[in-house]
1. When the range 66-86 is examined, which residues are found to be of a type in the set (D, E, K, R) and in contact with a Leu (Cβ under 9 Å, 6 or more places away or on another chain)?
2. Picking from P79, P64, P91, which residue would you name as being crowded, with 22+ Cβ neighbours inside 10 Å, farther than 19 Å from P183 by Cβ and not aliphatic (A, V, I, L, M)?
3. I'd like the residue in the range 222-249 that is polar (S, T, N, Q) and within 22 Å of the chain's Cα centre (by Cα) and, out of all such residues, is modelled with the lowest pLDDT.
4. Here is a check on your reading of the model: is E101 modelled with pLDDT of 95 or more and among the charged types (D, E, K, R)?
5. So for the range 134-156 (the condition being closer than 22 Å to T219 by Cα and modelled with pLDDT of 85 or more), does at least one residue qualify?
6. Mind listing whichever residues of the range 37-48 are closer than 22 Å to F122 by Cα and assigned to a helix (DSSP H, G or I)?
7. Taking the stated definitions as given, is L120 modelled with pLDDT of 95 or more, exposed (fewer than 15 other Cβ atoms within 10 Å of the Cβ) and closer than 22 Å to M58 by Cβ?
8. Out of all the residues in the range 4-36, which are among the hydrophobic types (A, V, I, L, M, F, W, C), in a helix (DSSP H, G or I) and in contact with a Pro (Cβ under 7 Å, 6 or more places away or on another chain)?
Amino acid sequence: MSRRLPGVQPVSLEEWLQVDDAYSAQMTYRARLVSGKGQQVLRCDPACRDAACELLGMVLTHIPRLGFEFVGDGSVLRPDGVSVQLDNARPLWTLSQLVQEDFLILQKEGDRHVLRGALLCFPASWALDQKFGHGLTEIHTPVEEYDDNIARRVERLFHAARAGQPLMRANALRYRDPDLYHPRRGSDTDRSAGTYIRSERQTILRLPETGAVVFSIHTYLVREADLSPDQTAGLLRHPIEMPAGEMTP
C-alpha cells in the first residue's frame, strides 16, 4: 500500500474508474467543495480545455458499467439516484458531479509535463494554487524523497504513458483527521498517532486525441481498527513511512 515511486502496474480500461460504498457521501462533499472553494479545487487553463473535454467524453463512455444511466434530456442518473445535467462547456465541473476520482491533466511542454487542468477536491496535504502551471519536479517540491533519480523515472513514466493502457499504483497515508480535504502540508500534525488510513488509488493514462496525460486519484479512508486481516497484513509488510504529499503525480 505504501511502496515507493513509481511502483506501477497496468490495469484494463474497465478498471480505470471505480465506485465504492462511500460514493454518495463523497459526491455530496465534492459538490460542496466545488461550490465553495472555486479555483482552490477546480482549475483549467484555456489551452487545456480540449483535453478536459476529451477526458469527460472518455469518462462518459465508461460509467454505464458502473451503474450510471443516460437520460434522454441530456442528463445522467448516478448510482445514488442523483441526476446530473451534462455540460460540455464545463467539463471538469461536470466530472466533479459524476465520479469520485480527482483528475490532474498534464500537458507535454518541451521535455516535461506541466499541470494545466485539475479537479482536486481531496488533496493529501498539497495545495492546487501552489502547484498549478508547474512541472512534475516542481509539483513535488519540497518532498525530500523525490530526488533527481525519482524525478527522472516519473517523468519517463509520463512520457511512456499510452492511450488505452492505464497504469496504476496505490499508497497509504496516516491521518488523525478524517476530512478528505487537506490542502496544506502539516495541516494534520502528529501523523504517527493517526487512527485513519487514507489510501489513494492513482492511475496514469494518455488521452488519445490531445495527447495529454491524466493522473486520476480515487481516495479511500478507513479507521485502522476497521481494516480487514489482509489489509492489516499488507500494512505490516509495507509500513507507512513517508509523510503525506509525497504521492502526488
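1. First, pick out the residues of the range 66-86 that are of a type in the set (D, E, K, R): 69, 73, 78, 80.
Once the filter is applied, which keeps residues that are of a type in the set (D, E, K, R) and in contact with a Leu (Cβ under 9 Å, 6 or more places away or on another chain), the range 66-86 yields E69, R78.
2. On the way: P79 fails: crowded, with 22+ Cβ neighbours inside 10 Å; P64 fails: crowded, with 22+ Cβ neighbours inside 10 Å.
Exactly one of P79, P64, P91 is crowded, with 22+ Cβ neighbours inside 10 Å, farther than 19 Å from P183 by Cβ and not aliphatic (A, V, I, L, M), namely P91.
3. Pass one, the range 222-249, residues polar (S, T, N, Q): 228, 231-232, 248.
Applying the additional criterion that residues be within 22 Å of the chain's Cα centre (by Cα) yields 231, 248.
Numbers: Q231: 82, T248: 41.
Only one residue tops the list, namely T248.
4. On the way: modelled with pLDDT of 95 or more: yes; among the charged types (D, E, K, R): yes.
So E101 passes the test.
5. Scanning the range 134-156, I find no residue that is closer than 22 Å to T219 by Cα and modelled with pLDDT of 85 or more, so the answer is no.
6. Here is the first cut: in the range 37-48, the ones closer than 22 Å to F122 by Cα are 37-45, 48.
Listed by number, the residues that qualify are K37, G38, Q39, Q40, C48.
7. Numbers: modelled with pLDDT of 95 or more: yes; exposed (fewer than 15 other Cβ atoms within 10 Å of the Cβ): no; closer than 22 Å to M58 by Cβ: yes.
Here the answer is no, as L120 does not meet what is asked.
8. Our first condition is that a residue be among the hydrophobic types (A, V, I, L, M, F, W, C); within the range 4-36, this holds for 5, 8, 11, 13, 16-17, 19, 22, 25, 27, 31, 33-34.
Then drop every residue that is not in a helix (DSSP H, G or I), which leaves 13, 25, 27, 31, 33-34.
Correct list: L13 only.
The values are calculated or read from the model by the stated rules, or taken from the named source; none is laboratory data. Small disclaimer: the values here were computed from a predicted structure and weren't measured. Neighbour counts run over all protein chains shown; Cβ positions are idealised from the backbone, glycine included.
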